Amino acid sequence: MNNLLPSRREVLLSSGGVLVAGSLKGTVDALSQEVTAAKNPHKDLMFRTTDPRNGEPELTKLVNSWQTPTELFYVRSHAPNPEIEVDQFRLSVEGLVRRPGTFSMADLMKMPSHLTTATLTCAGNRRSEYNSKEYQNVPKVSGVQWEAGTIGNATWEGCQLAAILKRVEVLENAKHVWFEGLDQIQKNSSIIGFGGSIPLEKALVDNGPGAPLLAHQMNGQPLTADHGFPLRMVVPGYIGARSVKWLGKIVVSDRPSPNHYVANAYKIVTKTDPLDWAESGPIYRFPINAAICTPKSGSRLSAGAIELTGYALPTGRSHSQIKDLMISADGGRGWTRGKLIGKKQDFCWQLWTANVQVNSKT
């Protein structure tokens, strides 16, 4: 039998005319009682590294549900999970504000709580494909060799970032909002926390599903340690690197964060010389993407009808949704329309299925 599956990059999807290839309801005491559960490791992920913890689910399991169960949600970390005592936790908000201050978890939980369902995806999702034999002429990419599972769609709960910024009164010359994590990453001779930043205009969004949240719940439960317990950012439509976990500090500034993971990493570059890195700006919105999840990559199947399943992610722009999805199993000579599954919702992925006919290789 021959390998008759189309390449994952032969999946084409059309979205908006663009064609691209392949609340916590209890008290702080109640939250503290969840610490033990929050520290439990995920048992349903394939870990690429364990120190720090970097894992993704099997693709066959990932596409079983439009809302990704927490145990199947990918984990991306750059250092060991920090140990944080909830009753001692404080979020600092400073920089270009009139009223800098700190917020305890009790303070944050007294603020109006909001729910949003949003997809997060690692900027390195599918990185291993660049290093595969199929793309020998493509520059190799270093880092965690992810397959296509560093993506997930969850329901998040917390207070809006805009509400916090309103309390501290942002100054007129502010343009960016930085986020700093409480993790401790060894970087050269220094210890740094993971950091991110977003434009002020995005930070001030306070209506609709695109509003950034200071989230303390995921899928109706307190965050696990792997997902940023007790507090993380969730920035709908932006790559996962901007949704900083274990959030400890917010800084309002007139420029993007100087943190390594904004200034030097998570950029799209064509060369790797210092000037090219310096001239390239940070990635914010996630790009359009689609992947075949079943049958498993590398499967060998008989010729005939094959059912494919997968996911498609629209661009992170507001009001961007997948409108149509076409599959080719013969190098583009013929096309099959896929069936979209699940809700059509801003900043969320779309699952899909399609039945294609493949012929034996001659």
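Can you run phi through the Karplus equation (6.51, -1.76, 1.60; θ = phi - 60°) for segment 236-242 and list ³J(HN,Hα) in whole Hz, with x for Gly and Pro?
The phi angles translate into x, x, 9, 4, x, 4, 8 Hz.
Taking square-rooted eigenvalues a ≥ b ≥ c of the alpha carbon gyration tensor, is segment 255-362 rounded, prolate or oblate, where a/c under 1.5 means rounded and, failing that, a/b exceeding b/c means prolate?
Judged from the Cα gyration tensor, segment 255-362 comes out prolate (a/c at least 1.5, a/b above b/c).
Mind running the shape call on segment 71-165? Use the C-alpha gyration tensor, a ≥ b ≥ c as the square roots of the eigenvalues: rounded below 1.5 for a/c, prolate if a/b tops b/c, oblate otherwise.
Since a/c reaches 1.5 and a/b is larger than b/c, the shape of segment 71-165 is classed as prolate.
Placing +1 on the Cβ of each Lys and Arg and -1 on the Cβ of each Asp and Glu in the chain, which of T119, V358, T60 has its Cα farthest towards the positive end of the resulting dipole?
Of T119, V358, T60, it is V358.
Can you give the accessible area per residue of the chain, in Å², using a 1.4 Å probe? Before the final figure, lay out each step's value.
Values: 17020 Å² over 362 residues.
On a per-residue basis, 47 Å².
List the residues whose amide H sits under 5 Å from the amide H of G149, counting only those 5 or more places along or on another chain, with H placed 1.01 Å from N in the peptide plane.
Excluding prolines and chain starts, which carry no amide H, the hits are R126.
Place the peptides 234-247, 153-166, 183-196 in order of packing, highest mean first, counting for every residue the other Cβ atoms within 10 Å and averaging per peptide. Present the calculation step by step, with values, prior to reporting the outcome.
Working: 234-247: 25.7, 153-166: 20.9, 183-196: 15.9.
Going from most to least packed, we get 234-247, 153-166, 183-196.
Please give the calculated 222 nm ellipticity per residue for the chain, where each DSSP H segment of at least 4 residues contributes -39500 (n - 2.57) and the sum is spread over every residue; nearest 500 deg cm²/dmol?
That comes out to -2000 deg cm²/dmol.
Quickly work out the D324-to-D44 label distance, labels modelled 7 Å from Cα along the C-beta direction, and quote it in nm with one decimal.
Once both label points are built, they end up 3.5 nm from each other.
For the pairs K43/K323; K296/K339; K245/K267, note any where the Cα-Cα span goes beyond 25 Å.
Values: K43/K323 35 Å; K296/K339 19 Å; K245/K267 20 Å.
From K43/K323; K296/K339; K245/K267, over 25 Å: K43/K323.
Mind checking the dipole of the chain: about its Cα centre, +1 per Lys or Arg Cβ, -1 per Asp or Glu Cβ, Debye to the nearest 20?
780 debye
Return the carbon/sulfur percentage of the accessible area of the chain, one whole number, probe 1.4 Å, all protein chains in place.
49 percent
Sort 90-102, 208-220 for me by packing, meaning the mean count of neighbouring Cβ atoms within 10 Å per residue, highest on top. Intermediate values should be presented prior to the final figure.
Working: 90-102: 15.2, 208-220: 21.2.
The packing order, highest mean first, is 208-220, 90-102.
For segment 155-194, rounded, prolate or oblate, judged on the Cα gyration tensor with a ≥ b ≥ c (square roots of eigenvalues), a/c < 1.5 rounded, else prolate if a/b > b/c? Could the numbers behind the result be given before it?
Working: a/c = 3.75, a/b = 1.61, b/c = 2.33.
Judged from the Cα gyration tensor, segment 155-194 comes out oblate (a/c at least 1.5, b/c at or above a/b).
The values are calculated or read from the model by the stated rules, or taken from the named source; none is laboratory data. Note that the coordinates shown come from a computational prediction; the quantities given were computed from them, not determined experimentally. Every residue, glycine among them, receives a Cβ derived from its backbone with ideal geometry; neighbour counts consider all protein chains shown. Just the protein is used for accessible areas: all its heavy atoms, side chains included, with ligands, DNA and RNA removed. Shrake-Rupley method; radii C 1.70, N 1.55, O 1.52, S 1.80 Å.
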